Amino acid sequence: MEIAIGVAVVLLLAFVFIFNGLVMRRNRCENAFATIDVMLKKRYDLIPNLVATVKGYAKHESEVFREVTELRAKAQAGGLSTDETVAVNNRITELLRRLLVVVEDYPELKASQNFMHLQRTLNEVEEQLSAARRAFNAAVMDLNNAVQMFPSSVVASMTGFRERRFLQALEEERRTPDVGGRLSPHGDRERPS
Amino acid sequence: MSEGADFEAFYQAELRPVLEELEVRRRRFWRDLGGTALFVAAGAGLVLVLTAPHRSPMLPIIVAAAALLVVLGMGALRSGPLKKEFKRRVVGAVARYVDPGLRYDPDGHISPEQFRASGIFNHSIDRFQGEDYVAGRIGATAIEFSELHAQYKTTTSTGKTTQTHWHTIFRGLFVIADFNKEFRGMTVVLPDVAEKALGWLGQKLQDAFDFVRRGELVKLEDPEFEREFAVYGDDQVEARYVLSPSLMERLLAFKRKAGRQVYFAFVRSKAYIAITTRRNMFEPRWFGAMADRELVEQYLRDLRFAAGIVEDLDLNTRIWTKA
């Protein structure tokens with residue numbers, strides 16, 4: 001009888017311990033995702049400024065300006081699912097990159113104080129964003145390991161913990177935001193993760 | 001490895017005259033010390049002769065020891081300033097040759113406060129020594145480094161006698177450079193001892209014990225980097241902001257280049273790099289010819305190695321908001 005109670009207590013303790021570990025891992029994922037969100041918002045805030053600065057020079061790119069402004073409005077309005085948010089932001093990333101390539105044709109704009117400041121700020125946000133995404137993926141891996149590995153997998157299936165998906169970066173985005181290596185002497189490239 | 005024509009010209013024009021002048025003085029020092037030694041020996045002999053009739057058997061030993069002490073003391077007293085001058089003029093010139101923005105001070109060193117601020121070594125320090133301080137700016141990056149030796153002591157007492165043992169916390173080259181990104185927290189990159197020895201279990205152990213001292217373990221995606229280093233930080237995102245994939249590659253390459261135990265810390269927008277070594281760098285030769293090109297090239301290699309950190313870690317790339 002005592003043995004049975006002893007075993008039950010040990011099992012219960014193990015259950016509580018593992019369950020708390022899972023909750024902690026899930027919260028880390030949420031937290032990391034929230035950081036990504038913060039960085040995305042910072043980037044949304046930059047868009048109007050960037051558009052206004054480049055617009056004066058590159059008038060024929062109006063299609064890009066329109067789309068990026070629309071996407072920003074859509075993303076900021078909220079109510080998007082995670083997948084939609086990722087899709088919208090991947091598209092924004094592409095468009096911003098295109099804008100920065102366009103700027104190449106306007107040396108005056110490129111050399112302007114205002115644009116240089118904007119570009120630095122954008123680089124900063126992109127670097128932070130990439131860090132947040134990597135932190136999120138690390139947290140997801142930690143959670144997924146716990147969900148798949150015995151014995152925590154048993155507790156996870158009992159309590160409905162699921163694996164989460166990794167955030168994939170755009171092929172293009174896997175490089176540092178340094179636009180075409182013009183600012184860095186080495187064209188500092190990030191390795192594909 | 002011999003340096004190029006550029007260094008050859010610099011050596012011939014600026015260093016050789018200085019080296020030759022100092023070499024003459026080094027020789028004169030030994031000659032003078034020889035003279036002093038003869039004089040003292042003669043004095044000691046005279047004392048022994050005069051006291052011969054009624055001397056104790058201990059006296060010759062005492063006189064010899066006193067004579068030796070006098071000679072050694074004279075030697076130390078007179079060699080010190082010359083060595084300093086050598087360092088200031090020769091090592092200082094080589095530092096300026098490496099980069100005109102660098103200044104050298106033979107007596108200065110990184111302060112214990114700076115050493116502690118890195119958070120790399122947390123043991124309490126009982127003795128802190130250093131020399132050969134170099135500071136300056138290479139491109140946009142401020143850099144300073146020096147040799148350091150930090151120790152702590154333990155005392156064991158057996159009965160009446162107490163013995164003091166000194167243990168090294170760190171000995172080697174300690175470099176502080178301005179980092180190219182702005183951040184507030186602390187990320188420490190240590191050689192991964194546990195994972196190498198124990199594999200997966202090692203990581204578990206690191207996880208369990210070290211966060212108490214150093215903050216959270218940060219697991220990064222580069223497996224090679226993870227094999228070599230263990231990273232701790234107070235912010236998971238910031239640690240990754242600092243340790244971009246390209247910087248991780250650079251740290252690995254630097255570790256291979258150094259070929260020694262290397263520690264990194266990134267604290268409040270500064271990079272701290274500690275490289276262990278047993279060799280005492282930037283010392284003049286004292287028992288052989290000073291005017292030796294190989295010796296000067298060794299200074300050059302050591303200084304380039306330290307100053308090269310700016311390039312190795314790509315610290316002059318300033319594309320983020322930090323100017």
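The values are calculated or read from the model by the stated rules, or taken from the named source; none is laboratory data. Note that the structure is a prediction, hence the values are computed from the model and not measured. Neighbour counts run over all protein chains shown; Cβ positions are idealised from the backbone, glycine included. With ligands, DNA and RNA removed, areas are computed over all heavy atoms of the protein, side chains included. Shrake-Rupley method; radii C 1.70, N 1.55, O 1.52, S 1.80 Å.
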Only one of B:Phe29, B:Phe39, B:Phe10 is touching a Phe, Trp or Tyr at 6+ places or on another chain (Cβ under 6 Å) and in a helix (DSSP H, G or I), namely B:Phe10
The correct count of residues that are more than 21 Å from B:Leu82 (Cβ to Cβ) and either of a type in the set (Asp, Glu) or open to solvent by less than 40 Å² (accessible area, probe 1.4 Å) (or both) in the stretch B:30-50 is 3
Check whether at least one residue in the stretch B:240-262 is within 11 Å of chain A (Cβ to nearest Cβ) and of a type in the set (Gly, Ala, Ser), and report yes or no.
yes
For the stretch A:141-164, pairs from a residue that is within 14 Å of another protein chain (Cβ to nearest Cβ) to a residue that is small (Gly, Ala, Ser) and surrounded by fewer than 17 Cβ atoms within 10 Å (Cβ to Cβ), with Cβ under 7 Å and 6 or more apart or across chains, are A:Ala146/A:Gly21; A:Ser152/A:Gly21
Residue check, A:Asn31 touching a residue at least 24 places away in the same chain (Cβ under 8 Å), open to solvent by 40 Å² or more (accessible area, probe 1.4 Å) and assigned to a helix (DSSP H, G or I) = yes
Of the candidates B:Val24, B:Val47, B:Val91, B:Val63, the one satisfying the condition of being free of Cβ contacts under 8 Å to residues at least 40 places away in the same chain and under 24 Å from B:Gly288 (Cα atoms) is B:Val24
Reported set for the stretch B:212-250 where residues are crowded, with 23+ Cβ neighbours inside 10 Å, in contact (Cβ under 8 Å) with a residue 60 or more places away in the chain and in contact with a strand residue (DSSP E or B) (Cβ under 7 Å, 6 or more places away or on another chain) is B:Val242
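Residue by residue, here is whether (1) among the small types (Gly, Ala, Ser); (2) within 30 Å of A:Ala58 (Cβ to Cβ); (3) open to solvent by 10 Å² or more (accessible area, probe 1.4 Å); (4) in a loop (DSSP other than H, G, I, E, B) holds:
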{"residue": "A:Leu95", "(1), (2), (3), (4)": "no, yes, no, no"}
{"residue": "A:Arg98", "(1), (2), (3), (4)": "no, yes, yes, no"}
{"residue": "A:Val101", "(1), (2), (3), (4)": "no, yes, yes, no"}
{"residue": "A:Asn123", "(1), (2), (3), (4)": "no, yes, no, no"}
{"residue": "A:Ala156", "(1), (2), (3), (4)": "yes, no, no, no"}
{"residue": "A:Phe166", "(1), (2), (3), (4)": "no, no, yes, yes"}
For the stretch A:111-128, state whether one or more residues are touching a Ser or Thr at 6+ places or on another chain (Cβ under 7 Å) and of a type in the set (Lys, Arg). yes
Restricting attention to the stretch B:273-300, the residues that are assigned to a loop (DSSP other than H, G, I, E, B), farther than 21 Å from B:Gln12 by Cα and touching a residue at least 40 places away in the same chain (Cβ under 8 Å) number exactly 5
All conditions in (1) open to solvent by 20 Å² or more (accessible area, probe 1.4 Å); (2) at pLDDT below 90 are true of B:Lys270 except (2)
Restricting the stretch B:273-323 to residues that are small (Gly, Ala, Ser) and buried (at least 19 other Cβ atoms within 10 Å of the Cβ), the one nearest to the other protein chains (Cβ to nearest Cβ) turns out to be B:Ala307
Of (1) in contact (Cβ under 8 Å) with a residue 12 or more places away in the chain; (2) open to solvent by 40 Å² or more (accessible area, probe 1.4 Å); (3) in a strand (DSSP E or B), B:Thr162 satisfies every one except (1)
Those residues of the stretch A:45-61 which are in a helix (DSSP H, G or I) and surrounded by fewer than 16 Cβ atoms within 10 Å (Cβ to Cβ) amount to A:Asp45, A:Pro48, A:Asn49, A:Ala52, A:Lys55, A:Lys59, A:His60
- Query: With respect to B:Val49, is the statement that it is under 29 Å from the mean Cα position of the chain (by Cα) and among the β-branched types (Val, Ile, Thr) true?
  - Reply: no
Yes or no: the stretch B:181-189 includes at least one residue that is at pLDDT below 95 and open to solvent by 80 Å² or more (accessible area, probe 1.4 Å).
yes
Counting only residues in the stretch B:102-153 that are of a type in the set (S, T, N, Q), part of a loop (DSSP other than H, G, I, E, B) and touching a Phe, Trp or Tyr at 6+ places or on another chain (Cβ under 7 Å), the one surrounded by the fewest Cβ atoms within 10 Å (Cβ to Cβ) is identified as B:Ser124
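Against the condition open to solvent by less than 40 Å² (accessible area, probe 1.4 Å), more than 14 Å from chain B (Cβ to nearest Cβ) and closer than 29 Å to A:Tyr57 by Cα, how does A:Leu129 come out, does it pass?
Working: open to solvent by less than 40 Å² (accessible area, probe 1.4 Å): yes; more than 14 Å from chain B (Cβ to nearest Cβ): no; closer than 29 Å to A:Tyr57 by Cα: yes.
Here the answer is no, as A:Leu129 does not meet what is asked.
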